[in-house]
Every structure is written in C-alpha cells, then in structure tokens.
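K.L.:
My structure is below; once you've seen it, I'll send some questions.
The values are calculated or read from the model by the stated rules, or taken from the named source; none is laboratory data. Everything numeric here is computed off the predicted structure, so don't read it as measured data. Cβ atoms come from the backbone with ideal geometry, glycine included; neighbour counts cover every protein chain shown. In case anyone asks, the SASA skips ligands and DNA or RNA and just uses the protein heavy atoms, side chains included. Shrake-Rupley method; radii C 1.70, N 1.55, O 1.52, S 1.80 Å.
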Amino acid sequence: MKFRTITNLALTALLVSGAAAQTPDPDQLLRQMSARLATAKTFSFEAKREIDVQLLEGHDQPEKASISISVQRPNKITASSTSKAGTRYLIADGKTLSLLDEKPNHYAVVPMRTSLDGLVEQLDAKYGFTPPLAEFVLSNPYADFKKQSRTLTYLGRGKTSEGFFGLGGVECHRLWLSGKVADAELWISVDEQLPRKLIATFHRDGRPQVRVNISKWNLAAPAADFTFNPPQLAQKIELWTTAKMQAVSKN
C-alpha cells in the first residue's frame, strides 16, 4: 500500500509538472488582449515610440516621440505626439476630426461622422495616415493583427524594464507575428492581458524597426474632453487628401 501511494504521488507530480510546462496558446492570448481592449468603454494609455530613419521620408535622424491617447467608444479619441518636431494633436468627437500642429500653430478641421474603426479606415484611404497606435483602439484588435500576420508563435516570457533599475517591470507573454510587410514582437502583460511592448521589423534593407513601449493603462479612465478649441492666433489650413498631393506633385 505504501509503495502504491508513493507511485501515485509521483505520477500526480509528473502530470502537474507537465501541465505547468505546456506552452500557452498565442492565438488565445491575442484574443484575450483584444477582448480586454474592446470591452473598455473609456481608456487611456501612454507610449514611447522610436522609428528608425529608413522608415522616415525626408529625415536624416530617427524619431523619438512621447504619445498620449484617450478613447471613448464608439467614436471619440484624442491623441498627442511630442517629438523634436513639436507636439501634434488629433481629436475626433464622432462628428469632426481636428488636427493641430503646435509649433507652426496650424490646424485643420474636416467632417468625420463615423466610428473609431471608420475613422482609421477613412484617414488611411483618403489622407494616407492613421492615429498613432491605431491598432489598439479598433473595436477588434485581434482581427487587425491576424489580417496583417501569416503566422503566430509563442516566444516565452519577458519582463519590461520600467521604473528604477527595472524594478517596476511587468511580466509579459511574448508573441511573434510574421507578416508580409513586417514581423512584429508583441508583449502582453500576464496579469492585465494588456499590450506593453511592440517591436515591428520591416522587410527592407537594414531591417528598420518601429519600437513602442506602452505604459500607464487606465481602463476606467474618466471621459476626456474631446472638444477642440484652436489656440489663439492659430491659422486654419486645408487638410490635403493623398489624391490632391499626388496631383500637385505631378505638375
């Protein structure tokens, strides 16, 4: 009887150990992250973004920017991006889109009566740009990531280097998304199931990257002020479409 008990305990330990060693399902982790973001009615976060110079037309230096984003579903967003070039703002209230470039004190306002998904789609199609880190404000981030990736692989765990000597780091699952245009490494926090880091490596000479570190998530953020009031002496300008810029460049 004693031998049988010891054997049963040993077998149980092996089974428990084997279960613990199972690799997490990367697709499930991506779905959980998407659901966490999609169900938040209001949320905010901050990010540090670095873009290699090969990805910046007309630049001779990489760009570093501090980004702050607030969202109220289904159709409101305010985003600011601060770099050496100054601070730029994007505000959409479900009816209009307002853009402000603080350094030259220029702004533009265009009708944009649509959801956040529609905002991203229309800006990309008509004006050739999207809000910063738009992939995380869509109603279904999972579908967007899957659309852009061919394979999804679990790389293991890692810890972000935040706070004093990295003591404030967050334990994360690391996913690898292989795509046609770029490969991406996405870090998702173990406890909160929220994105914490994104490294996109493009299939170009030199393998240039976009590196994003995300922090200060608040999924219970109070509703932000999405009203745009142009600064004093600001000059209103026309927001050119991609088609108009192409037409002018040909002349």
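K.L.:
Of all residues in the stretch 67-86, count the ones that are free of Cβ contacts under 8 Å to residues at least 40 places away in the same chain and open to solvent by 20 Å² or more (accessible area, probe 1.4 Å). Can you show your working first?
P.N.:
Our first condition is that a residue be free of Cβ contacts under 8 Å to residues at least 40 places away in the same chain; within the stretch 67-86, this holds for 68, 80, 82-86.
Among the residues that remain, those that are also open to solvent by 20 Å² or more (accessible area, probe 1.4 Å) are: 68, 80, 82-85.
Residues that pass the stated criteria total 6.
K.L.:
While we're on this one: Against the conditions (1) in contact with a Lys or Arg (Cβ under 9 Å, 6 or more places away or on another chain); (2) surrounded by 14 or more Cβ atoms within 10 Å (Cβ to Cβ), where does residue 150 fall short? Just the number, please.
P.N.:
Checking residue 150 against (1) in contact with a Lys or Arg (Cβ under 9 Å, 6 or more places away or on another chain); (2) surrounded by 14 or more Cβ atoms within 10 Å (Cβ to Cβ), the one that fails is (2).
K.L.:
Please go through the stretch 215-251 and pick out each residue that is more than 30 Å from residue 172 (Cβ to Cβ), loosely packed, with under 11 Cβ neighbours inside 10 Å and of a type in the set (A, V, I, L, M).
P.N.:
Across the stretch 215-251, the qualifying residues are 233, 248.
K.L.:
Moving to a separate point now. Among the listed residues 190, 212, identify the single one that is in contact (Cβ under 8 Å) with a residue 60 or more places away in the chain and within 25 Å of residue 38 (Cβ to Cβ). Walk me through how you get there before you give the answer.
P.N.:
On the way: 190 fails: in contact (Cβ under 8 Å) with a residue 60 or more places away in the chain.
Exactly one of 190, 212 is in contact (Cβ under 8 Å) with a residue 60 or more places away in the chain and within 25 Å of residue 38 (Cβ to Cβ), namely 212.
K.L.:
Could you check the stretch 46-64 and list, in sequence order, the residues that are open to solvent by less than 80 Å² (accessible area, probe 1.4 Å) and in contact (Cβ under 8 Å) with a residue 24 or more places away in the chain?
P.N.:
Result: 46, 47, 49, 50, 51, 52, 53, 55.
K.L.:
Pick from 240, 217: which is closer than 28 Å to residue 92 by Cβ and more than 16 Å from the chain's Cα centre (by Cα)?
P.N.:
Working: 217 fails: more than 16 Å from the chain's Cα centre (by Cα).
From the options 240, 217, the qualifying one is 240.
K.L.:
Among the candidates 171, 185, which residue alone is at pLDDT 95 or above, in contact with a strand residue (DSSP E or B) (Cβ under 7 Å, 6 or more places away or on another chain), within 15 Å of residue 33 (Cβ to Cβ) and surrounded by 16 or more Cβ atoms within 10 Å (Cβ to Cβ)? Quick ask: steps written out before the conclusion?
P.N.:
Values: 171 fails: surrounded by 16 or more Cβ atoms within 10 Å (Cβ to Cβ).
None of the other options fit; the residue is 185.
K.L.:
Now for a separate question. Tell me whether the stretch 103-115 contains one or more residues that are in contact with a Pro (Cβ under 8 Å, 6 or more places away or on another chain) and under 26 Å from residue 235 (Cα atoms). Give the steps one after another, and end with the answer.
P.N.:
At the first step, the residues of the stretch 103-115 found to be in contact with a Pro (Cβ under 8 Å, 6 or more places away or on another chain) are 105, 107, 115.
Now restrict to residues that are under 26 Å from residue 235 (Cα atoms): 105, 107.
Yes, the stretch 103-115 contains a residue that is in contact with a Pro (Cβ under 8 Å, 6 or more places away or on another chain) and under 26 Å from residue 235 (Cα atoms).
K.L.:
In the list 179, 158, which residue meets the criterion of being farther than 28 Å from residue 122 by Cβ and more than 15 Å from the chain's Cα centre (by Cα)? Lay out the reasoning, then the answer.
P.N.:
On the way: 179 fails: farther than 28 Å from residue 122 by Cβ.
After ruling out the rest, the residue left standing is 158.
K.L.:
I would also like to ask the following. If I ask for residues that are outside any loop (DSSP other than H, G, I, E, B) and within 28 Å of residue 220 (Cβ to Cβ), which ones from the stretch 154-171 would you list? Reasoning before the result, please.
P.N.:
Applying the first criterion (outside any loop (DSSP other than H, G, I, E, B)) to the stretch 154-171 yields 154-159, 164-166, 171.
Those that are outside any loop (DSSP other than H, G, I, E, B) and within 28 Å of residue 220 (Cβ to Cβ): 157, 158, 159, 164, 166, 171.
K.L.:
Out of 107, 89, 127, 142, which single residue is open to solvent by 50 Å² or more (accessible area, probe 1.4 Å) and either aliphatic (A, V, I, L, M) or on the phi < 0 side of the Ramachandran plot (or both)? If you could, list the steps in order and put the result at the bottom.
P.N.:
Working: 107 fails: open to solvent by 50 Å² or more (accessible area, probe 1.4 Å); 127 fails: open to solvent by 50 Å² or more (accessible area, probe 1.4 Å); 142 fails: open to solvent by 50 Å² or more (accessible area, probe 1.4 Å).
Going through 107, 89, 127, 142 in turn, just one is open to solvent by 50 Å² or more (accessible area, probe 1.4 Å) and either aliphatic (A, V, I, L, M) or on the phi < 0 side of the Ramachandran plot (or both): 89.
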